[in-house]
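Read through the structure below, which is laid out as structure tokens, and then see the notes.
The values are calculated or read from the model by the stated rules, or taken from the named source; none is laboratory data. Quick caveat, the model's predicted, so the values are computed rather than measured. Positions of Cβ are backbone-derived with ideal geometry, glycine not excepted, and every protein chain shown enters the neighbour counts. Each accessible area value is taken on the protein alone, full model and side chains, heavy atoms only, with ligands, DNA and RNA left out. Shrake-Rupley method; radii C 1.70, N 1.55, O 1.52, S 1.80 Å.
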Amino acid sequence: MLGKRRSILPSHEVLPSTMPSSPQSSVTETAHLPVENALTRIRSALPQMSKTAAKIAAYVVEHPADVVGMSITDLAALVDASEGSVINFCRSIGLGGFQHLKLSLAQEIVQPVHFIHEDLEREDSTEMVCRKVFHSGIQALRDSLSVLDPKAMAAAVDIIRAARRVEIYGIGSSAPIAEDAHYRLLRIGLDARVVIDSHVQAISASRCDKDVAVLTISHSGSTNETVAATRLAHEAGARTIVITNFGRSPIQAYADVVLFTMARETRFRTEAMTSRIAQLCVIDALIAALALADYDRSTDVLKQTFDVLSIKRF
């Protein structure tokens, strides 16, 4: 049985799967390897930040090279914040502390990434469009890997394996991702069903129980329909897994496990583009981990379903 409910999220007010579990000294901070996407993390999380954190974020984004040469006291004074607020800001984007932030910014300044975050322009050639779109997809995968917590993935695997049935929710551009997850779960022999209609989602979620696992896909984590469905399922006793973009969002309050993606969308790259690539890769990783966790049964079912589908081919 599933046993006592435990959440990977200690609070919906923080970014749990990337937050350190305890305060760390400056000595410990230096042991962290720099991340290559510190500025992207900040930009992704900024809209949901508190007023003080947003001030710190804005300054760091605008003056990354200056911040590298500052002390934490210098930065706190410049943005009229406390040193504790600066540390909390660093941890809210999944970094160990201020030294970790400086190391990451230094690497990003020395090794800038071209084309990755450039918006499409009206005068772009077809070649340039292809380069920008492909590079943005590649970067979305790299960034998402950096914020995807292996412990959260393992917890998601445990929840799904313990469940009698898996429900999958997605609305709008997340709907085809939900349908893909449904297909892949069926291929490895799990009892799953996908619901992409908001009314049916609400009914289905309200009928869940402790033997049901719910997988919700929502890039923003703020879509009314999917937040409501996830809340209803959570309140009904289901174990809930959410795939959503890095940053605070309302849906995380009702998630037992959060699997983060990181996809930066711009004027012409709407959320239906780079985010879906990251979401699909998270789904692929989840399915692979599930299959390996029950290898013999999964390979048998895959062979059976392959044989069944062979009648569809000439």
Those residues of region 73-106 which are hydrophobic (A, V, I, L, M, F, W, C), free of Cβ contacts under 8 Å to residues at least 40 places away in the same chain and farther than 18 Å from Met49 by Cβ, in sequence order: Ala77
So Leu105, is it crowded, with 22+ Cβ neighbours inside 10 Å, more than 24 Å from Asn245 (Cβ to Cβ) and of a type in the set (A, V, I, L, M): no
Residue list for region 58-101, restricted to those being assigned to a helix (DSSP H, G or I) and acidic (Asp, Glu): Glu62, Asp66, Asp74, Glu83
Residues (within 11 Å of Ile93 (Cα to Cα), open to solvent by 20 Å² or more (accessible area, probe 1.4 Å) and part of a helix (DSSP H, G or I)) located in region 40-54: Arg43, Ser44, Leu46
One residue from Gly97, Gly84 being crowded, with 18+ Cβ neighbours inside 10 Å, of a type in the set (Gly, Ala, Ser) and either closer than 29 Å to Val258 by Cβ or modelled with pLDDT of 95 or more (or both): Gly97
Candidate set: region 170-200, residues that are over 26 Å from Phe306 (Cα atoms) and of a type outside the set (A, V, I, L, M, F, W, C); chosen: the one farthest from the chain's Cα centre (by Cα): His199
Region 155-175 residues that are aromatic (Phe, Trp, Tyr), paired with ones that are open to solvent by 50 Å² or more (accessible area, probe 1.4 Å) (beta carbon under 9 Å, 6 or more apart): Tyr169/Ile196; Tyr169/Glu225
So Val166, is it touching a Phe, Trp or Tyr at 6+ places or on another chain (Cβ under 9 Å) and either modelled with pLDDT of 95 or more or within 30 Å of Leu232 (Cα to Cα) (or both): no
Tabulated pairs, region 240-259, first assigned to a loop (DSSP other than H, G, I, E, B), second of a type in the set (D, E, K, R) and open to solvent by 10 Å² or more (accessible area, probe 1.4 Å), C-beta under 9 angstrom, 6+ apart or interchain: Arg248/Glu13; Asp256/Arg5; Asp256/Arg6; Asp256/Arg239
